[in-house]
Amino acid sequence: MNDQSIDQIVIVGGGTAGWMTAAALANAIRTGCTITLIESDEIGTVGVGEATIPPIRTFNEALGIAENDFVSATQGSFKLGIQFVNWGSLGNSYFHPFGTYGRNFDFLPLHQYWLAARNRGEAPELQDLCMAWAAAKRGKFAQPSPEQRNVLSTFDYAYHFDAGLYARFLRRYAEERGVVRIEGKIGDVGLDGETGHVSHVTLEDGRQIEGQLFVDCSGFRGLLIEGALKTGYQDWRHWLPCDSAMAVPSARGEFTPYTRSTAHQAGWQWRIPLQHRTGNGHVYCSSFISDDEAAAVLLAGLDGEALAEPRKLSFVTGRRNLFWNKNVVAVGLSGGFMEPLESTSIHLIQAAISKLIALFPDRSFDPLVIDEYNRIAINEFERIRDFIILHYKLTSRTDSELWRYCAAMDVPETVTWKMEHFRRNGRLVQRDADLFGPPSWLAVHIGQGNIPEGTDPLLPLRGVDHADYLRKLEAALARAAEGMPSHQDYITRNCAARG
């Protein structure tokens, strides 16, 4: 180790962000550096991010965590995608799957042939060409097949889990690998007079904790990144107007292997099935509905008895101007907030940690490294933002103020560009590294009514008619799904929670 190496890392805040960071750093750093996490049992965590997307599996695998142990410890279940109800129009429903629509049989994408068959009135529903939906609508789950010729290889999956139990699980993991937890509230943050870096934090009882690299996991407060360093924040509520949520657990109802998002007049409601309960929430715009009305809408939409009173969360969708400022890296809500419509909250924590490890600094805190981290992080945040904006913009609903506002609002050029390419020829164009790939954008475009005016100009020149293939694909997916165990049976056999 050279004398410029970081040897003191301080993580401010626990919860999912803090303990994911601690676990990953403890796994990556084996010697020569102390990792200290400061948290207070008096400070609660937000705890709305109980649904995930497939990359969480990579995070757990990198830590050597066995899937069945993790699912059991967190009262978890499996997730094949998200069902959207009443988004494009009242009464409409569609599925955003994890995985692909069948498998391309030509160098033009499969959905181009589906569009041609649809124009002739010969196409099945698009989602019925997807293995994830074939299983999800039947309440089935099994591991994907490693055999690439098998239709069971064409889907992916993630998890639903109790975020508090996940944090506890990772705390045990991190402490077994040397992370030191300090109980206490931070009363003051000390800055170096020459560099402006955070030099130490002082707890309310007077203890001082020094460090060279600080990771801010303090939630919306942004105790270091904003409170101490005044980094600044970009407010995105003109594109994503929801600014509040009510959350409540309920007795377990239907045990679906997918998340459900139901659009209401002033927002939308999530439903996340766990082994021991169902997580529910109503995300809404406070300009169009009162808190009491929002709570009533949430409770009316439960499919099981409420287990607590609805709890309110207020937020401003957006991001810090910088995610890494001086010697502070913001992870989780301290860096920004993206409403949980596409279950990206925990992924953004994971992505921040991965970038920190890939661009780990020494004590010089090279500006070139910090700039690269911020470039990647800002790009990723904004591409996710664009995908969520698409859900709000693509609507024909006129039944309430929120949806009339969203249908008429101006959106970033990066969203308009993708919408127009698809509207004209059904082309799914990409810019930079989108977290959500073509199948995800295709699901929302078609599901919410952005039906292309034409197909790829190359299509009629291919001389191929695959309407029969589409019918056979739909039947093959249905047969494969019927042979899978139920979601409940799979969990009972492999990863039921203990106690």
Inset, instruction - Filter segment 250-276 down to the residues that are of a type outside the set (D, E, K, R) and without any contact (Cβ under 8 Å) to a residue 60 or more places away in the chain, then identify the one that is nearest to ALA135 (Cα to Cα). - result: GLY253
Legend entry - Any chance GLU372 is among the acidic types (Asp, Glu), closer than 26 Å to ILE53 by Cβ and touching a residue at least 60 places away in the same chain (Cβ under 8 Å): no
Inset, instruction - Test GLN127 against the criterion of being part of a loop (DSSP other than H, G, I, E, B) and either modelled with pLDDT of 95 or more or surrounded by 20 or more Cβ atoms within 10 Å (Cβ to Cβ) (or both), and give yes or no. - result: no
Legend entry - Residue list for segment 250-273, restricted to those being touching a strand residue (DSSP E or B) at 6+ places or on another chain (Cβ under 6 Å), surrounded by 17 or more Cβ atoms within 10 Å (Cβ to Cβ) and among the small types (Gly, Ala, Ser): SER250, SER261, ALA266, GLY267
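Can you tell me which residues in segment 456-475 are hydrophobic (A, V, I, L, M, F, W, C) and out of contact with any Pro (no Cβ under 8 Å at 6 or more places or on another chain)?
Of segment 456-475, the ones hydrophobic (A, V, I, L, M, F, W, C) are 458-459, 461, 464, 467, 470, 473, 475.
Correct list: LEU458, LEU459, LEU461, VAL464, ALA467, LEU473, ALA475.
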Legend entry - Count - residues of segment 352-399 that are among the basic types (Lys, Arg) and more than 23 Å from LEU442 (Cβ to Cβ): 3
Inset, instruction - Exactly one condition in (1) more than 25 Å from TRP19 (Cα to Cα); (2) surrounded by 20 or more Cβ atoms within 10 Å (Cβ to Cβ); (3) in contact with a Pro (Cβ under 8 Å, 6 or more places away or on another chain) is not met by ALA247; state its number. - result: (1)
Inset, instruction - Scan segment 448-470 and give yes if some residue there is surrounded by 13 or more Cβ atoms within 10 Å (Cβ to Cβ), out of contact with any Gly (no Cβ under 7 Å at 6 or more places or on another chain), closer than 30 Å to PHE169 by Cβ and at pLDDT 95 or above, otherwise no. - result: no
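How many residues are part of a helix (DSSP H, G or I) and in contact with a helix residue (DSSP H, G or I) (Cβ under 7 Å, 6 or more places away or on another chain) if we restrict to segment 140-154? Please lay out each step first, then the result.
From segment 140-154, those part of a helix (DSSP H, G or I) are 151-153; that's our starting set.
In the following step, the residues that additionally are in contact with a helix residue (DSSP H, G or I) (Cβ under 7 Å, 6 or more places away or on another chain) were identified as 151-152.
The total comes to 2.
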Legend entry - Total residues in segment 155-169, condition part of a loop (DSSP other than H, G, I, E, B) and surrounded by fewer than 22 Cβ atoms within 10 Å (Cβ to Cβ): 1
Inset, instruction - For ALA443, work out the one condition from (1) without any contact (Cβ under 8 Å) to a residue 12 or more places away in the chain; (2) crowded, with 19+ Cβ neighbours inside 10 Å it doesn't fulfil. - result: (1)
Inset, instruction - Scan GLY222, GLY227 and give me the residue that is closer than 16 Å to VAL331 by Cα, within 27 Å of the chain's Cα centre (by Cα) and either of a type in the set (S, T, N, Q) or surrounded by 17 or more Cβ atoms within 10 Å (Cβ to Cβ) (or both). - result: GLY222
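For segment 282-302, indicate whether the set of residues that are of a type in the set (Gly, Ala, Ser), closer than 25 Å to CYS217 by Cβ, out of contact with any Leu (no Cβ under 8 Å at 6 or more places or on another chain) and in contact (Cβ under 8 Å) with a residue 40 or more places away in the chain is non-empty. Walk me through how you get there before you give the answer.
Of all residues in segment 282-302, those of a type in the set (Gly, Ala, Ser) come to 286-287, 290, 294-296, 300-301.
Subsequent filtering for residues that are closer than 25 Å to CYS217 by Cβ retains none.
There is no residue in segment 282-302 that is of a type in the set (Gly, Ala, Ser), closer than 25 Å to CYS217 by Cβ, out of contact with any Leu (no Cβ under 8 Å at 6 or more places or on another chain) and in contact (Cβ under 8 Å) with a residue 40 or more places away in the chain.
What is the residue count in segment 216-272 for residues that are under 20 Å from TYR94 (Cβ atoms) and not β-branched (Val, Ile, Thr)? Full working, then the answer.
Taking segment 216-272 first, the residues under 20 Å from TYR94 (Cβ atoms) are 254, 256-265, 267-272.
After this cut, where a residue has to be not β-branched (Val, Ile, Thr) as well, the list is 254, 257-258, 260-261, 263-265, 267-271.
Result for segment 216-272: 13.
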Legend entry - Considering residues of segment 476-499 that are out of contact with any His (no Cβ under 8 Å at 6 or more places or on another chain), at pLDDT 95 or above and not in a helix (DSSP H, G or I) only, the residue nearest to HIS276 (Cα to Cα): ALA496
Legend entry - Set VAL411, VAL415, VAL444: member being under 24 Å from VAL283 (Cα atoms), among the aliphatic types (A, V, I, L, M) and in contact with a strand residue (DSSP E or B) (Cβ under 7 Å, 6 or more places away or on another chain): VAL444
Legend entry - Single residue of segment 65-117 satisfying the filter (at pLDDT 95 or above and among the charged types (D, E, K, R)) that is nearest to ARG171 (Cα to Cα): ASP69
Legend entry - Selection from segment 418-455 of residues that are within 21 Å of LEU341 (Cα to Cα), touching a Ser or Thr at 6+ places or on another chain (Cβ under 7 Å) and part of a loop (DSSP other than H, G, I, E, B): GLN448, GLY449
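Quick check on ALA23: is it within 30 Å of LEU203 (Cβ to Cβ) and touching a Phe, Trp or Tyr at 6+ places or on another chain (Cβ under 6 Å)?
On the way: within 30 Å of LEU203 (Cβ to Cβ): yes; touching a Phe, Trp or Tyr at 6+ places or on another chain (Cβ under 6 Å): yes.
Judged against the criteria, ALA23 is a match.
For (1) assigned to a helix (DSSP H, G or I); (2) surrounded by fewer than 17 Cβ atoms within 10 Å (Cβ to Cβ), each residue gets a yes or a no:
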site: ILE357; (1), (2): yes, yes
site: SER364; (1), (2): no, yes
site: ASP371; (1), (2): yes, yes
site: ARG375; (1), (2): yes, yes
site: ILE378; (1), (2): yes, no
site: PHE387; (1), (2): yes, no
site: LEU390; (1), (2): yes, no
site: THR395; (1), (2): no, no
site: THR398; (1), (2): no, yes
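The values are calculated or read from the model by the stated rules, or taken from the named source; none is laboratory data. Since the model is a prediction, treat every value here as computed from it, not as a measurement. Every residue, glycine as well, gets a Cβ built from its backbone with ideal geometry; the counts of neighbours run over all protein chains shown.
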